[in-house]
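Working notes, structure below.
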Amino acid sequence: MKAQKVSLGTMDWETFQKLDSRQKAGSFNINGRPYHVLVAQQFGRKFLEELGDLATFIRKIAKTKAGMDFLQKQLSHKAAMLYFSQPSTRTFLSFHSACQILGMHTVEVRDTSTSSEVKGETQEDSVRTFSSFADAIIMRSAIGGLAEKMAWVLSNTDRPVPIINAGSGKDQHPTQALLDIYTLRRSFEKRGGIDRKKIVFVGDLARGRTVRSLAYLLTNYDGVKQYFIAPPQLQIGKDIQDILVQAGVDFELGSDLGRHVAEADAVYMTRIQDEWDEKKGESQKIDNAKYYFTADHLRRLPAHSVIMHPLPRRLEIDIAVDRDPRAVYWRQVRNGMWIRVALLAFIFGCENSILKNSPKAGS
Ligand code: NCD
């Protein structure tokens, strides 16, 4: 069924909120390019490819001083607000660096105990305030769906600015999924791309927002098989399973990584997200060791495969695995910065200027 076209600013929040993510997604894009970046459902394959190609082009130009100076002029008239009310190392630094590469100014609130939220100001009013100082708001919050709500709030003001979801509760982390797709594409460049690959997700798949976003983005590729290996109580949500069923995706639920490692093209490890435990310490009762990537798994993993992790990791991947060329999680971190540079370029419409006017790229 073709999704009915909806517009963010013309519906009341209660009605909008109840729509299916795919129905909402169209209203986050303007003329085929992202305006807000809120959910993985707003991206199709064509855009994923254009975004990745632009990221690769930009990282080449950035190798020379002339190239970097050129990039820094692109958005030197724009400012971004980094509103991170939940802990972050990589995503924060990655967005911060991406802004700097394009010359954007940044302002930040990371600790809401130093903001007027302490005085009881609502997040809605905080975000409206940020929109007075910034041309985009990049936000991470422990509250699922808050970024969407804020996009709706701003759409109904006279100063709407793009909202970029840098991780919202247990639901979505769309920009991590974009960098994961970019990493998979680069890894399988000489093996026919992402189509028909077998991707094995391992760990806390119920509360891991990166997996939830990536599982959706993978539906843009043909014949990808997804395996979800998790303790039964932390298995991937029914909502994502329903999306996969509707998209005709072949997937399997399980609890034994050993059964799939020899056929995996990518193993995507995650940590147990115990900060979400309803009863403190309940995750500790789970036999986590079953969801660790061991030396035996490494021996049985095919030579062309990759091991991914959104990081931070705990014990689920031994540090010794880092030395193996199939371990690409540190590459994911680097890819994240470039994909976010490309994303900002698309949001602010300077991608064509970059593609056409840039000085000669470095090799
Ligand atoms: C992830 C997150 O915040 O969801 N980290 C990240 O952004 N790379 C994964 C996690 O915290 O486990």
Determine which member of the set TYR221, TYR268, TYR291 is buried (at least 19 other Cβ atoms within 10 Å of the Cβ), at pLDDT 95 or above and over 20 Å from the mean Cα position of the chain (by Cα). TYR291
Among the residues of the range 147-166, is any of a type in the set (Phe, Trp, Tyr), more than 21 Å from ASN335 (Cβ to Cβ) and assigned to a helix (DSSP H, G or I)? yes
Can you confirm whether LEU184 is away from the ligand (no atom under 16 Å from the Cβ) and in a helix (DSSP H, G or I)? no
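Residues are listed down the side, and each one gets a yes or a no for (1) among the β-branched types (Val, Ile, Thr); (2) touching a Gly at 6+ places or on another chain (Cβ under 6 Å); (3) modelled with pLDDT of 95 or more; (4) not assigned by TED's automatic domain parsing to the domain that holds PHE92:
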{"residue": "PRO302", "(1), (2), (3), (4)": "no, no, yes, yes"}
{"residue": "PRO310", "(1), (2), (3), (4)": "no, no, yes, yes"}
{"residue": "LEU315", "(1), (2), (3), (4)": "no, no, no, yes"}
{"residue": "ASP322", "(1), (2), (3), (4)": "no, no, yes, yes"}
{"residue": "PRO325", "(1), (2), (3), (4)": "no, no, yes, yes"}
{"residue": "ARG340", "(1), (2), (3), (4)": "no, no, yes, no"}
Lone unmet requirement of (1) open to solvent by 30 Å² or more (accessible area, probe 1.4 Å); (2) assigned to a loop (DSSP other than H, G, I, E, B) for ASP204: (1)
Which one of these does GLY32 not meet: (1) at pLDDT below 90; (2) closer than 14 Å to SER155 by Cβ? (2)
Looking at ASP242, is it of a type in the set (Asp, Glu), open to solvent by 50 Å² or more (accessible area, probe 1.4 Å) and either assigned to a helix (DSSP H, G or I) or touching a Cys at 6+ places or on another chain (Cβ under 8 Å) (or both)? yes
Counted residues, the range 68-104 - those being in a loop (DSSP other than H, G, I, E, B), touching a residue at least 60 places away in the same chain (Cβ under 8 Å) and within 16 Å of the ligand (Cβ to nearest atom): 3
Can you find, within the range 135-151, the residue that is nearest to the ligand (Cβ to nearest atom) among those that are touching a residue at least 40 places away in the same chain (Cβ under 8 Å) and surrounded by 22 or more Cβ atoms within 10 Å (Cβ to Cβ)? ARG140
Just the residues that are in contact (Cβ under 8 Å) with a residue 60 or more places away in the chain and either within 16 Å of the ligand (Cβ to nearest atom) or of a type in the set (A, V, I, L, M, F, W, C) (or both), please, taken from the range 196-210. ILE199, VAL200, PHE201, VAL202, GLY203, ASP204, LEU205, ARG207, GLY208, THR210
Among the residues of the range 152-181, the number that are closer than 15 Å to GLN123 by Cβ, small (Gly, Ala, Ser) and more than 16 Å from the ligand (Cβ to nearest atom) is 0
Based on what the data block shows, is ALA215 without any contact (Cβ under 8 Å) to a residue 60 or more places away in the chain and assigned to a helix (DSSP H, G or I)? yes
Single residue of the range 327-362 satisfying the filter (out of contact with any helix residue (DSSP H, G or I) (no Cβ under 7 Å at 6 or more places or on another chain) and open to solvent by less than 40 Å² (accessible area, probe 1.4 Å)) that is farthest from PRO231 (Cα to Cα): ILE347
Just one listed residue, out of LYS46, LYS63, is in contact (Cβ under 8 Å) with a residue 24 or more places away in the chain, exposed (fewer than 15 other Cβ atoms within 10 Å of the Cβ), assigned by TED's automatic domain parsing to the domain that holds ALA136 and within 30 Å of SER97 (Cβ to Cβ), and it is LYS63
Scanning the range 267-300 for residues that are within 16 Å of the ligand (Cβ to nearest atom) and among the polar types (S, T, N, Q), the one farthest from GLY167 (Cα to Cα) turns out to be ASN288
Filter pass, GLY193 being free of Cβ contacts under 8 Å to residues at least 12 places away in the same chain, surrounded by fewer than 18 Cβ atoms within 10 Å (Cβ to Cβ) and of a type outside the set (Phe, Trp, Tyr): no
Please find, within the range 316-326, the residue that is surrounded by the most Cβ atoms within 10 Å (Cβ to Cβ) out of those that are of a type outside the set (D, E, K, R) and away from the ligand (no atom under 13 Å from the Cβ). VAL321
ARG313 fails exactly one of the following numbered conditions: (1) over 27 Å from the mean Cα position of the chain (by Cα); (2) charged (D, E, K, R); (3) within 16 Å of the ligand (Cβ to nearest atom). What is the number of that condition? (1)
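The values are calculated or read from the model by the stated rules, or taken from the named source; none is laboratory data. For clarity, every value in this text was computed on a predicted model and none was experimentally measured. Cβ coordinates were reconstructed from backbone atoms using ideal geometry, including for glycine residues, and neighbour counts include every protein chain displayed. These area figures cover heavy atoms from the full protein model, side chains too; ligands, DNA and RNA do not enter into them. Shrake-Rupley method; radii C 1.70, N 1.55, O 1.52, S 1.80 Å.
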